[in-house]
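One structure below.
The values are calculated or read from the model by the stated rules, or taken from the named source; none is laboratory data. Only a predicted model underlies this, so the values are computations on that prediction, with no experimental measurement involved. Cβ atoms come from the backbone with ideal geometry, glycine included; neighbour counts cover every protein chain shown.
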Amino acid sequence: MAYDPDFGEWVREHFAALGPLEIKRMFGGAGVYSGGVIFALLDDGGVWLKGDDANVPDMEAAGSPQFTYLGKDGVEMGLGYWSLPEAAMDDADEAVVWARRAIDVALRKAAAKPKRKKKP
């Protein structure tokens, strides 16, 4: 993964209708957060949106590949992220629609996680 801060600023502008976003570097790339949940990854000039059964079929129909990487043993591994459809890279309104769906996925996943008990 590789992250370019200038690309991060473009993402903030492109997704401005979502409100404030937080971009945190991670593993050479970056994670994009809205409301405290991660909904996208930035890597080598690409935007990868969180997916699940609700939005992946539409993303695949739009031609979005899944984010993959090579594991230590050389086996290709997939993460639960799909690329922002190409048309949405040029259309901020369309990009925001896709991003909102990815935020919904992130919120559902966060709500499904069991609450961690606080240490006394």
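Some points to look at:
- Residue within segment 78-97 that is out of contact with any strand residue (DSSP E or B) (no Cβ under 7 Å at 6 or more places or on another chain) and among the polar types (S, T, N, Q) present: no
- If the condition is being of a type outside the set (A, V, I, L, M) and either within 18 Å of Ala110 (Cβ to Cβ) or under 13 Å from the mean Cα position of the chain (by Cα) (or both), then segment 1-11 contributes only Gly8.
- Those helices (runs of 4 or more DSSP H) of segment 1-114 in which at least 3 residues are without any contact (Cβ under 8 Å) to a residue 24 or more places away in the chain, considering only elements entirely within it, cover 5-14, 56-61, 92-112.
- Against the list (1) over 16 Å from Val105 (Cβ atoms); (2) surrounded by fewer than 16 Cβ atoms within 10 Å (Cβ to Cβ); (3) in contact with a Gly (Cβ under 8 Å, 6 or more places away or on another chain), the condition Gly45 fails is (3).
- Extreme residue, farthest from the chain's Cα centre (by Cα), among residues of segment 64-90 that are among the aromatic types (Phe, Trp, Tyr) and modelled with pLDDT of 90 or more: Phe67
- Lone qualifier among Ala61, Ala16 - being more than 22 Å from Arg108 (Cα to Cα), out of contact with any Gly (no Cβ under 7 Å at 6 or more places or on another chain), modelled with pLDDT of 95 or more and surrounded by 12 or more Cβ atoms within 10 Å (Cβ to Cβ): Ala16
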